[in-house]
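The values are calculated or read from the model by the stated rules, or taken from the named source; none is laboratory data. None of the values given here were measured: they were computed from a predicted structure. Reconstructed Cβ throughout: ideal geometry from the backbone, glycine too, with neighbour counts over all protein chains shown.
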Amino acid sequence: MRVRYRMIDEPRFRLLYDTTARPLRAYLIRVTGDRHQADDVFQESYLRVLQSGQEDLDDAKLKSYLFTVATNIVRDHWRRRRMKARWEEEPAEGSEGPGHHDGMDVRLEIEKSLGVLSPQQRSLVWLAYVEGYRHREIAAMLGLGEKSVRVLLFRARKKLASILTLMGVKAEYNEK
């Protein structure tokens, strides 16, 4: 028996792909830490959205739905494999002392510090500060309450700031 899917029309899908491919792939690479896994999740996410029949959603909601699908696929992968996250390793200390960072060094230190965060914290930080989603949107994508997102983001920012400080990068953090 063949399963028939009601699919999003091609022009709309192309527009969705053109506007979301780059940010989605960047998000997945940061969250998974593995380009190959990110590519697999990337393809599976678009396939599921294409087959979802969600053509009645407006473009912003369709983009949000795409990120939700991708996040859920990543979660499923982590559950299935039950692997320890390699991002929990302590960051390597640089050879130069504090205050000797150029722009590229700071970027590398931030990438290392993101790797120390839990997968959920990385997702929260990425969606909030790179993709610019609001707490309500992040809550819907990750299946959390809006207040929980606020608290978890606060903790993630605080942890990120302390990690960067330990690495010798001046992290400006405002505890509001």
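The combined condition, being over 21 Å from Q121 (Cα atoms) and surrounded by 15 or more Cβ atoms within 10 Å (Cβ to Cβ), is fulfilled by D40.
Residues are listed down the side, and each one gets a yes or a no for (1) at pLDDT 90 or above; (2) under 19 Å from I8 (Cβ atoms); (3) out of contact with any Lys or Arg (no Cβ under 9 Å at 6 or more places or on another chain):
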residue	(1), (2), (3)
T19	yes, yes, no
R22	yes, no, yes
R30	no, no, no
L50	no, yes, yes
D76	no, no, yes
K84	no, no, yes
P91	no, no, no
E96	no, no, yes
M104	no, no, yes
